[in-house]
Structures are given as structure tokens and as C-alpha cells.
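The values are calculated or read from the model by the stated rules, or taken from the named source; none is laboratory data. Being a predicted model, the structure only gives us computed values, none of them experimental. Here Cβ is always computed from backbone atoms with ideal geometry, including for glycine, and neighbour counts include all displayed protein chains.
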Amino acid sequence: MKLTALIVLAALSAGGAAYAQGGGGLSPEVHAARDAVMKACTAEAHSLCAGKEKRAMMICLRDNAAKLSAPCAEAMSKMPPRPPRPQ
């Protein structure tokens, strides 16, 4: 179980790091909020969103907001809202 949680956390971190290296256009505040989610939501990522990575993981966590622990929900609440998709 610890290994799976570690793998999930590593996958989230690697995805974030790869995106950040490309600039990504994200502010330092968004990066900090995403890092907080990765740390606070490891258990939920494993139990609710197994097999999902990167953006799909964040969407899964948002879709399961009612099932999140208090620390994870607090971290998720600090994430900025998703911008509308260009049409």
C-alpha cells in the first residue's frame, strides 16, 4: 500500500515537474497549490482515482469532492478554477 501511494505521488510529481520545465504558463501560486494537493491527497488518489495520472487525476479528485478527507478538500479548495476551454 505504501509503495502504491509512493508511485502515485511520484507520477503526480513527475507530471508536474515535466509541465513546469516547459513553462506551462502557470503562476507560482498555482504550482504551490498543486504541490499541496499532491501531498494532502495521496490516500484519495490511491483509493478513488487509481490508474489515473496528471490532469485525469485532478479531475477525478474534483469529481469525488464529497469523499475527500478534510486536508485534501482544503488543499483542493485552494486550486484556482479551471479556465473555460477555447471554442
(message) With the requirement that a residue be surrounded by 14 or more Cβ atoms within 10 Å (Cβ to Cβ), outside any helix (DSSP H, G or I) and not acidic (Asp, Glu), what does region 39-53 give you?
(response) 41, 49, 52
(message) Just to verify a result, which residue in region 65-87, among those that are surrounded by 11 or more Cβ atoms within 10 Å (Cβ to Cβ) and among the hydrophobic types (A, V, I, L, M, F, W, C), is nearest to residue 25 (Cα to Cα)?
(response) 79
(request) Would you mind stating whether residue 8 is among the β-branched types (Val, Ile, Thr), modelled with pLDDT under 90 and farther than 16 Å from residue 76 by Cα? (result) yes
(request) Sort through 36, 56 and tell me the only one that's part of a helix (DSSP H, G or I), surrounded by fewer than 14 Cβ atoms within 10 Å (Cβ to Cβ) and not charged (D, E, K, R). (result) 56
